Amino acid sequence: MGTADPGNTTVVQSSQDSERYIARGIAHMKLAAAVEAPIEVAFVLMPRFTMLAFTSAIEPLRVANQLTEKLLFKWHVLTETGQPISCSNGVPVVPDAPLSSAPASDYVLVCGGVEPDAGCSAELTDWLRKQWRHGRTVGGLCTGAYALARAGILNGRRFTLHWENIPNFTEKHPDLAPERRIFCIDDRIVTCAGGVASTELALKLIEDYYGTDLMQAVMDMCLLGQIRRGEEEQLSSLSVRLGTRNDHLIRAVAYIEAHVEDEVDLGECAGYLGISRRQLERLFQRYLDTTPLQYLNRVRLQHARSLLTETNLSVMEVAVACGFGSSSYFSKVFRSHYGISPHKFSLTRKRG
């Protein structure tokens, strides 16, 4: 009886990898650097993960392989149990394996979504902690930082997550300070805000490993005219968002948004700007067609709605966290703005 040829097994495996990971295309780029072994990336999908964040990260890696016709990157898709999982738009995805039998990877990227806290099981966070301790680079896409925080590996690190979830995240993890950046790389912790920011993080990895020329070629294939660097803010600048370059108004809005949880004294705000309170009110009326107090309440209500959606805080606790003087006043303005009481809104969201 003959023995198996290990060399032949390697050839078969190489052929299978090429078929899976290297798509055929017309455009081609010769890669000058030698490729010793592919960079392996494990994508861990949390329940109701955001598909845009996931596909925006994986597609640049595929394009890099396709352009060079080389196995630069390999990827594996994992879920906690190995069962199919639905993303936030309802589309199901079939993973390669459960966490318990995941292949070793250079990068482990957790892709979060619209209910990140609910998806942070003990099995997932224990597994992540183990990957980190074994020297792997661990990261989060979109709201994946929730799982990293629960695993206890974000302390003292620079990291980010989607801007919409930052207020809720800091309520749950007051000892951690996420940055409102496109992406952050801090030693073996990589995080990004999700959405198309996942593409920019993937492009950064391509550039770091294989050079700027390949990164630019991948950008061209993805029809990206320009990319943002990690240190850039997630949201448009205040001047763009407000539609004005008026320095006093921009500074006033920044002041108000930074003091959502405090009792904002408009007189102090005006004094900080070096103008009178009447001038401050005229600025808001002229450029935003509202009053400073109405603007503050709108920002607080948006924050409150977010907390009621993603945390188990009571209505009273949310009222305090958002700077409202009492729960009764908070309930009144919330109902007036959203057409439902905060208590019913919270029950509806948790039931869904």
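The values are calculated or read from the model by the stated rules, or taken from the named source; none is laboratory data. None of these values were measured; they are calculated from a predicted model. Here Cβ is always computed from backbone atoms with ideal geometry, including for glycine, and neighbour counts include all displayed protein chains.
Annotations
- Of the residues examined, Ala202 is one that is modelled with pLDDT of 95 or more and among the small types (Gly, Ala, Ser).
- Some residue of the stretch 114-137 being within 20 Å of Ser56 (Cβ to Cβ), buried (at least 23 other Cβ atoms within 10 Å of the Cβ) and modelled with pLDDT of 95 or more: no
- Unmet criterion (only one of (1) closer than 17 Å to Leu307 by Cα; (2) of a type in the set (A, V, I, L, M); (3) in a helix (DSSP H, G or I)) for Leu161: (3)
- Any hit, the stretch 254-275, residues being at pLDDT 90 or above, touching a Cys at 6+ places or on another chain (Cβ under 8 Å) and not hydroxyl-bearing (Ser, Thr, Tyr): no
- For Arg282, the conditions (1) within 17 Å of Trp163 (Cβ to Cβ); (2) at pLDDT 90 or above all hold with the exception of (1).
- Counting the residues of the stretch 164-193 that are outside any helix (DSSP H, G or I) and either under 13 Å from the mean Cα position of the chain (by Cα) or touching a residue at least 24 places away in the same chain (Cβ under 8 Å) (or both) gives 18.
- Criterion (closer than 18 Å to Arg241 by Cβ and out of contact with any Phe, Trp or Tyr (no Cβ under 6 Å at 6 or more places or on another chain)) met by exactly one of Arg298, Arg278, Arg305: Arg298
- Scanning the stretch 282-302 for residues that are aliphatic (A, V, I, L, M) and either touching a Pro at 6+ places or on another chain (Cβ under 8 Å) or over 10 Å from Leu249 (Cα atoms) (or both) gives Leu293, Leu296, Val299, Leu301.
- Checking each residue in the stretch 195-251 for being among the small types (Gly, Ala, Ser), out of contact with any strand residue (DSSP E or B) (no Cβ under 8 Å at 6 or more places or on another chain) and in a loop (DSSP other than H, G, I, E, B) picks out Gly195, Gly211, Gly225, Ser236, Ser237, Gly243.
- Qualifying position, being among the small types (Gly, Ala, Ser) and modelled with pLDDT of 95 or more, among Ala23, Ala64: Ala64
- Subset of the stretch 290-337 [among the β-branched types (Val, Ile, Thr) and either buried (at least 17 other Cβ atoms within 10 Å of the Cβ) or under 24 Å from Asn165 (Cβ atoms) (or both)]: Val299, Thr309, Thr311, Val315, Val318, Val320, Val333
- Test: residue in the stretch 83-96 that is outside the structural domain of Asn312 (by TED's automatic domain parsing), touching a Gly at 6+ places or on another chain (Cβ under 9 Å) and within 20 Å of His162 (Cα to Cα): yes
- Taken as a whole, the structure leaves Val240 outside the set of residues that are modelled with pLDDT under 90, surrounded by 16 or more Cβ atoms within 10 Å (Cβ to Cβ) and closer than 27 Å to Pro178 by Cβ.
- Breaking point among (1) without any contact (Cβ under 8 Å) to a residue 24 or more places away in the chain; (2) over 26 Å from Val218 (Cα atoms), for Arg157: (1)
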